[in-house]
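One structure is given below, encoded as structure tokens.
Taken together, the values in this text are just the output of simple stated rules run on the coordinates, not laboratory data. Since this is a predicted model, take the numbers as computed values, not measurements. Using ideal geometry, Cβ is built from the backbone for each residue, glycine included, and neighbour counts are taken over all protein chains shown.
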Amino acid sequence: MFKEFRKFILRGNVVDLAVGVVIGAAFNSVVQSLVKDMITPVIAALGGSGHFADLSFTVRHSQFLYGDFLNTLISFLIVAAVVFFFVVQPINKLTELAQRNKTTDEPTTKKCPECLGVIPRAATRCMYCTSKLEKG
């Protein structure tokens, strides 16, 4: 049982995932600090308030702290943008390049001469009209 566990832990993708989670958590902390300590104080100064996180409004003796929510929302948007531009887009480009190299010149489908349905090239009978087909 311990051998299997050790084998599982030492697999490359598990270690890569663990490193990614740790780096992601550290990056999230940096972004939250950037928003809380640098970005929202500028917004608060432009709005005439001292502390952005303390901004709130009251409705029937219930206080709504929208400043802290906006801090979290700005942090989320920055993290999402970084993930999109530095992870998702490069992976999409690499996948696109890999798929482009895999294309073959020979088509894998053909049209049935009877019903014009698209069927696999190797088919000997049409799956739509069941007509007998020539090979090729």
The chain: most fluctuating residue of Ala44, Ala80, Ala123 per GNM, C-alpha cutoff 10 Å: Ala123
Amide H of Lys110: which non-local residues (sequence gap of 5 or more, or other chain) have their own amide H closer than 5 Å, using H built in the peptide plane? Ile119, Arg121
Starting from the Cα of Val15, step 7 Å along the direction of its Cβ; do the same at Met127; then give the gap between the two resulting points in nm. 4.4 nm
Within the set Ala26, Ala18, Ala81, GNM on the chain using Cα springs under 10 Å gives the largest fluctuation to Ala18
Between Asn92, Asn28, Asn13, which gets the highest mean-square fluctuation from a Gaussian network model of the chain, Cα cutoff 10 Å? Asn13
Taking a cut-off of 16 Å between Cα atoms, list the aspartates and glutamates near Lys111, but don't count ones fewer than 8 places away on the same chain. Glu134
If neighbour count is taken as other Cβ atoms inside 10 Å, put Leu70, Leu17, Leu55 in order from fewest to most. Leu17, Leu70, Leu55
Which of Gln32, Phe84, Ile43 sits farthest toward the positive end of the charge dipole of the chain, with +1 on the Cβ of Lys and Arg and -1 on the Cβ of Asp and Glu? Phe84
Distance between modelled label sites at Ser29 and Phe64, nm, 7 Å Cα→Cβ extension: 3.4 nm
Counting helices only, and only those DSSP H runs with n ≥ 4, report the 222 nm mean residue ellipticity of the chain as the sum of -39,500 (n - 2.57) divided by its residues, in deg cm²/dmol to the nearest 500. -17000 deg cm²/dmol
Taking a temperature of 20 °C and a viscosity of 1.002 mPa s, what whole-number D in µm²/s does Stokes-Einstein yield for the chain with Rh from Kirkwood over alpha carbon pairs? 100 µm²/s
